[in-house]
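Please read the structure below before turning to the comments.
The values are calculated or read from the model by the stated rules, or taken from the named source; none is laboratory data. Quantities reported herein were computed from a predicted structural model and do not represent experimental measurements. Neighbour counts are summed over all protein chains in view; Cβ atoms, including those assigned to glycine, are modelled from backbone coordinates with ideal geometry. Remember, those area values only see protein heavy atoms, side chains included, never the ligands or the DNA or RNA. Shrake-Rupley method; radii C 1.70, N 1.55, O 1.52, S 1.80 Å.
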Amino acid sequence: MPLNPVGAEEFAGLMAPLGPFEPAPLLAVGVSGGADSMALALLGRGWARARGGDVVALVADHGLRAESAAEAELARARLAAEGVAALVLRLGLRPGPRLAERARAARLSALEEAAARRGILHLLLAHHAGDQAETVLMRLLRGSGPDGLAAMAALRETARVRVLRPLLGVAPGRLRALLAATGVEWVEDPSNRDPGTLRGRLRALRGDPDGTSGATLGLVTASRAYGEARAGRDAALASWLAGNAWLSADAGRRAVLPAGPWPPGALAALIRVVGGRAHAASPDSVARLAAAPLAATLGGARLRRGSRRNGAAGGWLLEAESGSRAPGGWPVPGPVAPGAFVPAGLRRGERERGCAAPPDTLC
């Protein structure tokens, strides 16, 4: 049975929970040239232009296959024919260990940087129901807890942009149906079926290219339930952080906390951001530190008692350990207080509005 293409009204409903958006929103869309991202570029274009804004497609070329440069240029030309401005980003990755992981990280970093450089706050990615189902399976295989099984988040704040994934509940077959209906072609990347990667093997085992099977939908529904539970925990964490802790204005290199004990989730989040780590320290070590505060170094951050001299009298000071790299960044949630750290990518009313999303270390 033919699948119904995703329409403008449905897409508007998917975007609505990811706002608020500025007037005349300008969106960046990460594009690989494949069906999913090409469809997202068209949907984003219609949504933005209906609101007086526009989109810019960012076409990432990993440079890992001889054909990739030509495919990136082909994607740019196809988008231009549809009236979508596109920019090709050459990543220049080299083969080697952990290639899939490195490629994913390099692509996201390049997309965020390119968007932020152009003053664009919102970066759209085309992960869909099939991708979400595979992510849940990967987390299950790795023994992830409830937060991990929430899989990819539809909205994630970073230091430079807001990453939006509006298609997580959409079957990929419906995206291909949209392109077929509009006569837009796409590139099939053979690396998506690479049995050398875990995702490629799971994709083959799932055997559901359209993303409409009961198993795929069940995994997506489960991830949504876990995500709602995670959102509740995140809201509680955000509330505690907004009222009890603050990050310095120098890109979050210091945080001041009240006298302990502290919620382990809050302490883990602050350690991750101050220490500049991609993931939080182990839950056991953070829980021990939160229950009985003591001077210690954990996850690239050093915790010590506050004093009038270091600006944390009566509390505790958490500061970056010497040599730790700059954090990926997230703001102390809630209203932005004087000196509070907010992502550099925020513009217009966003800087005054602040952000209410704790860090998502899972996607």
Checking residue 265 against (1) over 25 Å from residue 101 (Cβ atoms); (2) over 22 Å from the mean Cα position of the chain (by Cα); (3) small (Gly, Ala, Ser), which test does it fail? (2)
Pairs returned, first residue in the range 103-117 that is modelled with pLDDT under 90, second residue that is in a helix (DSSP H, G or I), beta-carbon separation under 9 angstrom, 6 or more apart or interchain, are 103/191
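Identify all residues within the range 63-82 that are touching a Ser or Thr at 6+ places or on another chain (Cβ under 9 Å) and either crowded, with 23+ Cβ neighbours inside 10 Å or not in a loop (DSSP other than H, G, I, E, B) (or both); write none if there are none. Explain how you work it out, then say what you get.
Pass one, the range 63-82, residues touching a Ser or Thr at 6+ places or on another chain (Cβ under 9 Å): 64-65, 71-72, 75, 82.
Within the range 63-82, 71, 72, 75 qualify.
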Pair list, Cβ under 8 Å, 6 or more apart: the range 300-323 residue at positive phi, other residue of a type in the set (A, V, I, L, M) and at pLDDT 85 or above: 300/271; 300/320; 311/256; 311/317; 314/259
Scanning the range 190-220 residue by residue, those surrounded by fewer than 16 Cβ atoms within 10 Å (Cβ to Cβ), in contact with a helix residue (DSSP H, G or I) (Cβ under 8 Å, 6 or more places away or on another chain), in a helix (DSSP H, G or I) and at pLDDT 90 or above turn out to be 215
Boolean, residue 41 is buried (at least 19 other Cβ atoms within 10 Å of the Cβ), under 19 Å from the mean Cα position of the chain (by Cα) and over 23 Å from residue 8 (Cβ atoms): no
Within the range 268-298, tally of residues that are without any contact (Cβ under 8 Å) to a residue 12 or more places away in the chain and either assigned to a loop (DSSP other than H, G, I, E, B) or crowded, with 20+ Cβ neighbours inside 10 Å (or both): 3
Within the range 299-325, take every residue that is open to solvent by less than 40 Å² (accessible area, probe 1.4 Å) and outside any loop (DSSP other than H, G, I, E, B) and give me the one that is nearest to residue 147 (Cα to Cα). 301
